[in-house]
Amino acid sequence: MKSSNILITGGAGFIGSHVVKCFTADERYNVFNLDKLTYSGNLNNLTEIEARNNYIFIHGDITDRDFLEKLFSKHKFDYVVHLAAESHVDRSIKDPFVFASTNIMGTLNLLQCFKENQGRMFYHISTDEVYGTLGESGLFAENSPYQPNSPYAASKASSDHFVRAYAKTYMLPVIISNCSNNYGPNQFPEKFIPVCIQAIIKNKKIPVYGDGRYTRDWLYVEDHAKAIKMILEKGKKGETYNIGGLNEWNNIDLVKLLIQETDKALGRSEGASLPLINFVKDRPGHDKRYAIDNTKIMRELEWKPEYTFEEGIVKTIGWYLSNQEWIDSIIDGSYQNITFNT
């Protein structure tokens, strides 16, 4: 059977690298990984698959329209799986313009190039943060109204709207998925769970916003990657699918679980790291609670997360403990000095 050319944007990042690994394991796909290699892009995430015959890395920027036009013309992509994005809320508060440029204009550039070289599906990966915040009860569903509260969420909401607008206006085949908070191996150490794990390992203060009662639904990254592949292959054109982990945890309880499991892995006494908890000033526009309704993807595509949160956390902590060189390369900046073929 003829192989399909698939462009995965942001494939050197946290979620993207797991998605690239998932697709390269299937020889029906020729995987083209397009990444700008900003601070969160790391080719060390992909060393195990870089020699595969069905994998090609391309260094490039989705905000460069001329570059994208040449790329699409050359490779005639059957599928686009679009993950490239600025994604850290705190950074979006400090510099919203970068988020608008990459997340909105970058997506628009990709849509236009896909329209001009139309393939079989444009799949846009988004976030549950576009829906805003929930109260004590309720879940985000695919038809929940958009109410973004941070510049990051607003930029992703705008990109979602452009994808749907191109589908309606130009009859493009598109799919969108909105996921809950991801965690797992290779996550850039500015994110909450790796920040906590590293603080516990190094006996440093663990920063917790506000009162620690902010609640998130956590999704193990390998479960998310498998869901993305399943949606691309079995999802319906024009549909939106919400992907959640069925794991709601408030931050302070999550920190206590991380302390329990990391101390155990390090051979420390139970609760040894509890004094490291440090409540810090809350960030502006902080959403109180996110939670995903998985009903649609579970019913229509028969997907469900394989990992419980406790299982995923133990696996994640084990990975960070076994890969301190990966962390150190980020801290000293050496991860950005990798050579690659363009």
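Overview of results
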{"read-out": "Residue satisfying condition, being in contact with a Pro (Cβ under 9 Å, 6 or more places away or on another chain) and not basic (Lys, Arg), within set TYR209, TYR214, TYR220", "value": "TYR220"}
{"read-out": "So ILE277, is it surrounded by fewer than 21 Cβ atoms within 10 Å (Cβ to Cβ), over 20 Å from the mean Cα position of the chain (by Cα) and modelled with pLDDT of 95 or more", "value": "yes"}
{"read-out": "Any chance GLU325 is surrounded by fewer than 12 Cβ atoms within 10 Å (Cβ to Cβ), under 29 Å from LEU37 (Cα atoms) and free of Cβ contacts under 8 Å to residues at least 12 places away in the same chain", "value": "yes"}
{"read-out": "Residue check for GLU142: at pLDDT 95 or above, among the acidic types (Asp, Glu) and not in a loop (DSSP other than H, G, I, E, B)", "value": "no"}
{"read-out": "Residue ID - farthest from VAL163 (Cα to Cα), chosen from residues in the stretch 210-251 that are in contact with a His (Cβ under 9 Å, 6 or more places away or on another chain) and not in a helix (DSSP H, G or I)", "value": "GLY210"}
{"read-out": "Single condition ASN278 does not satisfy, out of (1) closer than 27 Å to VAL19 by Cα; (2) in contact (Cβ under 8 Å) with a residue 60 or more places away in the chain; (3) polar (S, T, N, Q)", "value": "(1)"}
{"read-out": "Scan of the stretch 289-307 for residues that are of a type in the set (D, E, K, R) and surrounded by 15 or more Cβ atoms within 10 Å (Cβ to Cβ), ordered by number", "value": "ARG289, ASP293, LYS296"}
{"read-out": "Check on GLY245, within 15 Å of ILE15 (Cβ to Cβ) and of a type outside the set (Lys, Arg)", "value": "yes"}
{"read-out": "Residue check for GLN112: out of contact with any helix residue (DSSP H, G or I) (no Cβ under 6 Å at 6 or more places or on another chain), surrounded by fewer than 21 Cβ atoms within 10 Å (Cβ to Cβ) and part of a helix (DSSP H, G or I)", "value": "yes"}
{"read-out": "Every residue from the stretch 226-243 that is surrounded by fewer than 22 Cβ atoms within 10 Å (Cβ to Cβ), of a type outside the set (Lys, Arg), over 21 Å from LYS168 (Cβ atoms) and in contact (Cβ under 8 Å) with a residue 60 or more places away in the chain", "value": "MET230"}
{"read-out": "Qualifying residues in the stretch 151-180 (those that are of a type in the set (S, T, N, Q) and surrounded by fewer than 22 Cβ atoms within 10 Å (Cβ to Cβ)) - the one farthest from the chain's Cα centre (by Cα)", "value": "THR169"}
{"read-out": "Failed condition for ASP263, given (1) charged (D, E, K, R); (2) farther than 19 Å from ASN181 by Cα; (3) without any contact (Cβ under 8 Å) to a residue 40 or more places away in the chain", "value": "(3)"}
{"read-out": "Complete set of residues in the stretch 140-152 that are touching a residue at least 40 places away in the same chain (Cβ under 8 Å) and closer than 13 Å to THR295 by Cβ", "value": "PHE140, ALA141, GLU142"}
{"read-out": "Sole residue being touching a Lys or Arg at 6+ places or on another chain (Cβ under 8 Å) and among the β-branched types (Val, Ile, Thr), chosen from THR169, THR215", "value": "THR215"}
{"read-out": "Condition broken by GLU310, with the remaining ones in (1) assigned to a loop (DSSP other than H, G, I, E, B); (2) surrounded by fewer than 17 Cβ atoms within 10 Å (Cβ to Cβ); (3) touching a helix residue (DSSP H, G or I) at 6+ places or on another chain (Cβ under 8 Å) satisfied", "value": "(1)"}
{"read-out": "Sole exception among (1) farther than 22 Å from ALA291 by Cβ; (2) without any contact (Cβ under 8 Å) to a residue 12 or more places away in the chain for SER137, by number", "value": "(1)"}
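Table: residues versus (1) under 24 Å from SER150 (Cα atoms); (2) in contact with a Ser or Thr (Cβ under 8 Å, 6 or more places away or on another chain); (3) assigned to a helix (DSSP H, G or I).
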| residue | (1), (2), (3) |
| --- | --- |
| LYS264 | no, no, yes |
| GLU270 | no, no, no |
| PRO275 | no, no, yes |
| PHE279 | yes, no, no |
| ASP282 | yes, no, no |
| HIS286 | yes, no, no |
| LYS296 | no, no, yes |
| GLU306 | no, no, no |
| THR316 | no, no, yes |
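The values are calculated or read from the model by the stated rules, or taken from the named source; none is laboratory data. The structure presented is a predicted model; accordingly, all values stated were derived computationally and were not measured. Heads up, the Cβs are rebuilt from the backbone with ideal geometry, glycines too, and the neighbour counts pull from every protein chain shown.
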